[in-house]
Amino acid sequence: MGQAIGQVLPCAVGVGLSPIPIVAILVMLDTPRGRSNGPAFLLGWVAGLTAVSVVIVVISNGAGAEDAGAPATWTGWLKLALGLVMGGLGVKQWRARPRGDAQPPLPSWMETIDHFTPRRSAAIGVALSAINPKNLILTVGAAAAIAETGAAAGSEAVAVAAFVLIGTLGCGVPVALFFLMGERAARLLDELKEWMARENATIMTVLCLIIGAKLIGDGIQVLTS
């Protein structure tokens, strides 16, 4: 179990620190329906992340991710490919970063958050956790890493739960502060929102390059062992 959890930690941190979902939920909490839309977004996020993780673990187990007590060769190629894609995303983010005093662009759908319903908020949570390319890559990498350990089903379930929990902290902590601190959290959350939006490209670049390097290293280790 410990090995499986250890394998998913870097990917889980990468999912949890995704700037756009954090900015989205911070904007959402600052709307009249924030008390209902915030938790709805969080439930959608958890559902999407859990569903993709479980599906990929099941598929990886079926494809024989563990071979005679060691990771199967195909998992090494998968990690190598995912790492290269993550590195490419990091370079793309850096090249697209705002120059000078230019304000970083945010997704157009954020302009309509004031009109979101809880159902729409939950759907956005699912989309950002399960369909977002970066998070999908990280989730596939984490789920394959869980399967290749050859752990029992119960241990795999715990590892998936740990991945989802850590991957939810970035969005979950602002919601917790919103309900626990009330108006006292408003200034802190507003400053966090502005900082995350401004530094989105830098944060994404660092995360993609570091985790991409980790995946490439893990892939090479599997292929050469």
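The values are calculated or read from the model by the stated rules, or taken from the named source; none is laboratory data. Computed from a predicted model, the values in this text were never measured in an experiment. Here Cβ is always computed from backbone atoms with ideal geometry, including for glycine, and neighbour counts include all displayed protein chains.
Quickly run through the stretch 80-101 and pick out the residues that are surrounded by fewer than 17 Cβ atoms within 10 Å (Cβ to Cβ) and either of a type in the set (Gly, Ala, Ser) or in contact with a Leu (Cβ under 6 Å, 6 or more places away or on another chain) (or both). Those that are surrounded by fewer than 17 Cβ atoms within 10 Å (Cβ to Cβ) and either of a type in the set (Gly, Ala, Ser) or in contact with a Leu (Cβ under 6 Å, 6 or more places away or on another chain) (or both): 81, 88, 96, 100. Being in a helix (DSSP H, G or I), farther than 30 Å from residue 184 by Cα and either in contact with a strand residue (DSSP E or B) (Cβ under 8 Å, 6 or more places away or on another chain) or of a type in the set (Ser, Thr, Tyr) (or both) is true of residue 60. In the stretch 68-92, the residues that are closer than 15 Å to residue 147 by Cβ reach residues that are crowded, with 19+ Cβ neighbours inside 10 Å and among the acidic types (Asp, Glu) with C-beta atoms within less than 9 angstrom, at least six apart or across chains, in these pairs: 70/148; 71/148; 71/218; 72/148; 75/148; 75/218; 76/218; 79/218. Give me the pairs, please: first residue somewhere in the stretch 42-64 and free of Cβ contacts under 8 Å to residues at least 60 places away in the same chain, second residue anywhere and not basic (Lys, Arg), beta-carbon distance under 6 Å, and either six or more positions apart or on two chains. Listed by first residue and then by second, the contacts come to 64/72.
Taking the conditions (1) within 30 Å of residue 217 (Cβ to Cβ); (2) buried (at least 19 other Cβ atoms within 10 Å of the Cβ); (3) modelled with pLDDT of 85 or more in turn, residue 77 satisfies each one other than (2).
The condition of being surrounded by 23 or more Cβ atoms within 10 Å (Cβ to Cβ), β-branched (Val, Ile, Thr) and within 28 Å of residue 172 (Cα to Cα) holds for only one of 46, 57, that being 57.
The conditions of being over 28 Å from residue 177 (Cα atoms), among the β-branched types (Val, Ile, Thr) and out of contact with any Leu (no Cβ under 6 Å at 6 or more places or on another chain) are met by residue 59.
Give me a count of the residues in the stretch 172-192 that are at pLDDT below 90 and either among the polar types (S, T, N, Q) or within 20 Å of residue 14 (Cβ to Cβ) (or both). Qualifying residue count, the stretch 172-192: 1.
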